[in-house]
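Heads up, the thing below is written out as structure tokens.
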Amino acid sequence: MNNLLLMVALPLFTAFLLPVMERVSPVLAKLAGPLVLAITSVLGISLWAGMEQPVVIQLGGFLPPMGITFYADKLSMLFAVAASLGTLLLWPDESEQPIRQSSLALILAAAGSGLALSGDLFNIYVFYELVAVVSYGLIASRPTAAAMAATLRYLVISAFGAALILAGIALVYQATGTLNLAQLAQLAPQHLHNLQGLSAFVLILIGVGVKAELFPVNTWVPEVYATAPERVSALLAGVVSKLALLVVVKLLVLVFQMPEAHMIMLALGIMGVLTGELAAWRATDYRRMLAFSSIGQLGTIFIAFSVPGEAGVFAGLAVALHHLLLKPALFMLARRWGGSLANLSGAGRTSPLAAGLFILLALSLIGVPPLPGFWAKLLVLVNLAGQGQALYYLGGMVILVGAALEANYLFRVASGFYHEPSKAVILSPHKGKDMLIAGLLSSVLLTSVLFISPLADRLHEIAREATDVETYINRVQPVRLAPINVAVVQP
Amino acid sequence: MDMHLILYSAAAGLMLIGIAGIVLPSHLLRIIFAVALLEAGANLLLLLASFKEGTAAPIMLESGFPANMADPVPQALVLTAIVIGVGILALALILALKVRAAYGTLDMRKVRQRMEHDIAEEAGISMPSSSQTPRVIVSKGTVDE
């Protein structure tokens, strides 16, 4: 089972080895990164396939609350693999980037996997910060002044979020005397289902929400996605946002199982959909249209996860995975189409394949029937309708309005493809690699249409396992331990 | 007065000053230092989570652990947080230097304006005409390069 640790340790180790390796052999250094990620991806997938029960590792043999716990259930493994595989697929372009970028990408994969697998808040905080710091380096890899300014503004918001997470962790620790998620799950009903617990959840939600493009703390999104390299934008929007989301979902399911917590998440999600989709509707350039629509879609995912219990996790997982596939593919088209949307008129003739892919992705994003996007959204709407509360109905309505807005602005772009070509700008064809990645992701999307029902069963199973709090507690602690400083625990 | 109360209000105060310092001023250096203050407040809050007066340092002696030992977990966490905070502060200052070298100002509003302009220019969009852009009010307190 130590193979599981290799998913974090191997890329981390290689990342620091790369600069040395480059001195010996530049070719080897260039190949090492993708090779390591390919190994960890295969490793992760094989572990995922062979996993019958959640796997728990106490690092170094120390037991909680002192020790560090890795908890791998199917949900965590899915996102750990997504971090490895996503980074591999969106590997920084070697032709223009120095070896530093490869190191940063490797650390991103390692920290992302670690974030998904961690079983205590302390580690989650450390891996989250690691992901944050690495992403600053990746965004600023384009040496333009605008990229520096965008990175700085992102850094300030992100550091603000990190401080809020710390404050939230402090509140949790003050109430329970432990940071281990299994122990917290055990103690939460007594000690955290109160105002203090709710404040801790809100602090952590807003803090982690910076990466998940949550409503009030997402001002960095349009600036960063407009200035960062396409692959970095694709990684941030596709993979990193989902990892942050996974942290929120885990905490919500295991620790903060309160109706108020769900309501707050729902309200922020609704605001996200409204602001994001409206801004995307008004956007005039391709990159920022994608950035704003990404805010809207993450809002939808937050709304989906705000439904309590297994059903909410199931539906949220479906929309999250759908977005994870789609957004990187759309960003891959941005290298050539990155400018004003007006420049895209006539693009359907110069690059028919890219236009076709865009239309396919747009249809699934809006939720047109046979495509997976439709089933995911349908699942969310059915869930919301079944809750029988006004705010949940509002959430469902807002998702429908968001879909209408999406349809409007995406079709506006798509119809532009077949207008008379603009004479002022001649778009060069897409790079082969970019098209390959976009095509690969789109073909996965298309193939999944055929397997909707087995896929749904699989996701349902993952959701059932993820919401099984009792198993989580029992797997981590065969012997139920008391937290060490019981004296602090309030009666 | 109660020691805990004083310390808790200090932590809350530092965090409030930090948040106000991020939101209100437009000078980049002030914003960056406010981030450091906010982090200090959060760290203090974390330490307070298991603070008891008169406890011994959690260091193992030859005779074993001291009897009334302070809880080591928040201390380890705060140590980690401080290290991360210093790293991020250094990175922020370097980025601020680069931004100043490029735009010749540390005023956040001007930096943002220039950045938006650059992004629009790269995308090939004409900026909205001057009648539509919101007027930028430069307060007396801002430092121009």
Q. In terms of the Cα gyration tensor, with a ≥ b ≥ c the square roots of its eigenvalues, is the stretch A:53-171 rounded because a/c is under 1.5, prolate because a/b exceeds b/c, or oblate?
A. oblate
Q) Taking amide hydrogens as modeled 1.01 Å from N in the peptide plane, which residues meet the under 5 Å criterion relative to B:His27, leaving out close sequence neighbours? A) B:Met108
**Q.** Amide hydrogen neighbours beyond the local backbone of B:Met69, cut-off 5 Å, H modeled
**A.** B:Ala56
Q: Please express the Cα-Cα pair-distance distribution P(r) of the stretch A:140-289 as a list of whole percents, one per 5 Å bin, running from 0 to the bin with the greatest distance.
A: 2, 9, 17, 20, 18, 13, 9, 7, 4, 1, 0
**Q.** Extreme residue, positive dipole direction of chain A, given options A:Leu324, A:Gln297, A:Ala355 (C-beta unit charges)
**A.** A:Ala355
Q. Spin-label point model (7 Å from Cα, Cβ direction): what's the A:Met51 to A:Ala390 distance in nm?
A. 4.2 nm
Q: Measure off, as a whole percent, the carbon and sulfur share of the 1.4 Å-probe accessible area of the stretch A:176-288, all protein chains present.
A: 70 percent
Q. Any idea what log10 I(q)/I(0) is at q = 0.22, 0.26, 0.33 Å⁻¹ for the stretch A:79-119, Debye with uniform C-alpha scatterers and no solvent?
A. -0.65, -0.81, -1.06
Q.
Once the convex hull of the alpha carbons of the stretch B:1-84 is built, what does its volume come to per residue, in cubic angstrom?
A. 94 Å³
Q.
Can you show me the helix-derived [θ] at 222 nm for chain A, built from DSSP H runs with n ≥ 4 at -39,500 (n - 2.57) apiece and divided by the number of residues, rounded to the nearest 500.
A. -24500 deg cm²/dmol
Q: At 1.4 Å probe size, with every protein chain present, just tell me what the per residue accessible area of chain A comes to in Å².
A: 35 Å²
**Q.** Under DSSP loop assignment and at most 16 Cβ neighbours within 10 Å, longest chymotrypsin sites (Phe, Trp or Tyr not before Pro)-free interval of chain A
**A.** A:63-417
Q.
Based on alpha-carbon centroids, what's the gap between the stretch A:230-273 and the stretch B:19-55 in Å, whole number please?
A. 25 Å
Q. Ordering A:Val401, A:Val449, A:Val380 from largest to smallest accessible area (1.4 angstrom probe), what's the sequence?
A. A:Val401, A:Val449, A:Val380
Q) Residue by residue, what Karplus-based ³J(HN,Hα) values in Hz, rounded to whole numbers, does the stretch A:218-232 have, using 6.51, -1.76 and 1.60 with θ = phi - 60° and x for Gly and Pro? A) 10, 5, 6, 4, x, 5, 5, 5, 7, 10, 7, x, 4, 5, 5
Q. What percentages, rounded to whole numbers, describe P(r) for the stretch A:122-199 computed over all alpha carbon pairs with 10 Å bin width beginning at zero?
A. 17, 37, 23, 16, 7, 0
Q. How much length is gained if the chain between A:His193 and A:Tyr418 is pulled fully straight, taking 0.36 nm per residue apart and subtracting their Cα-Cα distance, in nm to one decimal?
A. 75.4 nm
Q | Loss of accessible area when B meets A, both sides summed, Å² nearest 100, probe 1.4 Å | A | 3700 Å²
**Q.** Alpha-carbon centroid distance for the pair the stretch B:56-91 / the stretch A:4-60, whole angstrom
**A.** 30 Å
Q) Which semi-axes, in whole Å and largest first, does the equivalent ellipsoid of the stretch A:431-471 have when worked out from the alpha carbon gyration tensor as the square roots of 5 times its eigenvalues? A) 32, 14, 4
**Q.** Kirkwood Rh in Å, taken over all unlike Cα pairs in chain A
**A.** 22.8 Å
Q: Only Cα pairs under 8 Å and at least 6 apart count here; give the relative contact order of chain A as a rounded whole percent.
A: 15 percent
Q: Assuming R0 = 35 Å, can you tell me the calculated FRET efficiency for the pair B:Thr80 and A:Val42, based on Cβ-Cβ distance, to the nearest 0.05?
A: 0.65
**Q.** Amide hydrogen neighbours beyond the local backbone of A:Asp285, cut-off 5 Å, H modeled
**A.** A:Leu341
Q.
What number do you get for the stretch A:278-395 when its Cα radius of gyration is normalised by 2.2 N^0.38 Å, N = residues?
A. 1.18
Q.
Could you work out the pair-distance distribution P(r) of chain B from its alpha-carbon pairs, with 10 angstrom bin width and percents rounded to whole numbers?
A. 10, 26, 25, 18, 12, 7, 3, 0
**Q.** Euclidean distance between Cα centres, the stretch A:303-372 to the stretch A:118-140, Å
**A.** 27 Å
Q: For chain B, calculate the relative contact order in percent as a whole number, restricting contacts to Cα pairs under 8 Å that are 6 or more residues apart.
A: 21 percent
Q | Mean ellipticity per residue at 222 nm, deg cm²/dmol - from DSSP H runs of n ≥ 4 across chain B, formula -39500 (n - 2.57) | A | -21500 deg cm²/dmol
Q.
If I take every Cα pair under 8 Å that is 6 or more residues apart in the stretch A:75-118, average their sequence separation and divide by the length, what percent do I get for the relative contact order?
A. 62 percent
Q.
Taking every DSSP beta bridge with both residues inside the protein assembly as shown, roughly what % is antiparallel (nearest 5)?
A. 90 percent
**Q.** Cleavage-rule hits (GluC sites (Glu not before Pro)) in the stretch B:37-115: DSSP loop, at most 11 neighbouring Cβ within 10 angstrom
**A.** B:Glu53, B:Glu62
Q: Sort largest first and round to whole Å: the equivalent ellipsoid semi-axes of the stretch A:221-315, each the square root of five times a Cα gyration tensor eigenvalue.
A: 27, 15, 9
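The values are calculated or read from the model by the stated rules, or taken from the named source; none is laboratory data. Nothing here was measured: the structure is a model prediction, and the numbers come from that model. Methodologically, a virtual Cβ is constructed for each residue, glycine included, from the backbone with ideal geometry; neighbour enumeration extends over all protein chains shown. These area figures cover heavy atoms from the full protein model, side chains too; ligands, DNA and RNA do not enter into them. Shrake-Rupley method; radii C 1.70, N 1.55, O 1.52, S 1.80 Å.
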